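Following: one structure in structure tokens, then a few remarks.
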Amino acid sequence: MGRVVDNIIVKFGGSVITDKKHPLSLNLDAINSLSRTLAMHSSKKIIVHGGGSFGHYYAKLAGLNTKCKHIYEVNKVVLTRKSMFELNSHVIDSLTSYGLNPYTITPFYWNKDFSELKSLILKLLSQNFSPVFFGDVVPCKGGFRILSGDDISYILCRMLKPSRMIFCIDVDGIFQSPRLEGSPIKELDPKMVKNIIVKEHIIDVTGGMLRKIKIAYKISKLGVDVFFVNGFKQDALLKALNGEYGVGTCMRGVH
Ligand code: IPE
């Protein structure tokens, strides 16, 4: 599928838009800072957000993760989804307040080859909307599973071949060690990935930072540059939106 010029996919990490240490706690300041920064940039934006202390909290209670499982307490599936819709409504409110036109799309409207989804996204972008996605609970053979915001980001990158993919995380980039000493790795070579030891949040049900890095690698193999930047720092996100190397950690697209 061909490249669509000047589209940027931005993932709002759950550890930025919520406080992962405390269940159901929103970081409204961070959400507003991300919205404000996106509004300052002229590119067409597609936004994906994670679950943080909303989705992950209930998913853990429900026993949900990225593998397909039969869930006995279906009310917990309901609560997990409800918390994600709640978080999404805060994101939508914030994006709207900064003049963006968010349009939430849930995975249920997707057909197998994603063709309808692709035309919907392109139509929305051409009309000045910003499509918004979030990690969700999806039905699978015999049960339910979590489709993470990172997996959604990969699907979108494969479909749209955006100019770049930006992961907004809660630290300055990817570090060599979990103690986050020194500066982040400026350019992450795929060969370095296996030597990185990351610090994970206990609450995480979707594989945390390591899975994110692996997904970034898959995205880079599509020819798309991937940036990991500190979502609390407006300047870092702006530079990544401009495609400036040297901010956070970049995994360059392999052409
Ligand atoms: C998780 O999505 C969604 C649910 C738990 C329902 P992500 O895995 O993308 O969330 P974060 O960014 O790591 O919090």
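Read the figures in this text as sums done on the coordinates, not as results from a lab. These figures come from a predicted structure and were not determined experimentally. Note that we place each Cβ from the backbone using ideal geometry, even for glycine, and neighbour counts take in every protein chain shown.
Annotations
- Over region 104-255, volume per residue of the alpha carbon convex hull, in Å³: 136 Å³
- Computed [θ] at 222 nm, deg cm²/dmol, the chain (DSSP H ≥ 4; -39,500 (n - 2.57); rounded to nearest 500): -12000 deg cm²/dmol
- For LYS69, LYS186, order by how many other beta-carbon atoms lie within 10 Å, fewest first: LYS186, LYS69
- Chymotrypsin sites (Phe, Trp or Tyr not before Pro) within region 223-255: DSSP coil, no more than 13 neighbouring Cβ in 10 Å: TYR245
- Applying the criteria of a DSSP loop state and at most 16 other Cβ atoms within 10 Å to the chymotrypsin sites (Phe, Trp or Tyr not before Pro) of region 1-103 yields TYR72, TYR98.
- Pair-distance profile P(r), taking every C-alpha pair of region 33-157, with 5 angstrom steps and integer %: 2, 11, 20, 21, 19, 14, 8, 4, 1, 0
- Percent of C-alpha pairs per 5 Å bin in region 35-88, short distances first: 4, 18, 22, 16, 12, 9, 8, 6, 3, 0.
- Kyte-Doolittle at least -0.5, axis length at least 24 Å by Cα - qualifying DSSP helices, the chain: 74-97
- Between SER119, SER163, SER97, the GNM of the chain built on Cα springs shorter than 10 angstrom shows SER119 fluctuating the most.
- Least to most buried among SER148, SER126 (fewest other Cβ within 10 Å first): SER126, SER148
- The C-alpha radius of gyration of region 1-74, expressed as a fraction of 2.2 N^0.38 Å, stands at 1.41.
- Amide proton proximity set for PHE167, modelled H, under 5 Å, gap of 5+: LYS11, PHE227, PHE228, VAL229
- Relative contact order for region 97-246: 22 percent, from Cα pairs under 8 Å spaced at least 6 residues apart, divided by residue count.
- Hydrodynamic radius by Kirkwood, which averages 1/r over all alpha carbon pairs of region 174-255, in angstrom: 13.2 Å
- Within the listed set VAL91, VAL132, VAL74, the residue fluctuating most in the Gaussian network model of the chain (springs between alpha-carbon atoms under 10 angstrom) is VAL74.
- Residue with peak Gaussian network fluctuation, the chain [Cα springs, cutoff 10 Å], from THR206, THR80, THR96: THR96
- Which of ASP150, ASP235 has the fewest Cβ neighbours within 10 Å, and the rest in rising order: ASP235, ASP150
- Charged side chains reduced to their Cβ positions (Lys and Arg at +1, Asp and Glu at -1) give region 203-253 a dipole of some 240 debye around its Cα centre.
- Scaled radius of gyration (Cα, divided by 2.2 N^0.38 Å) that the chain gives: 0.94
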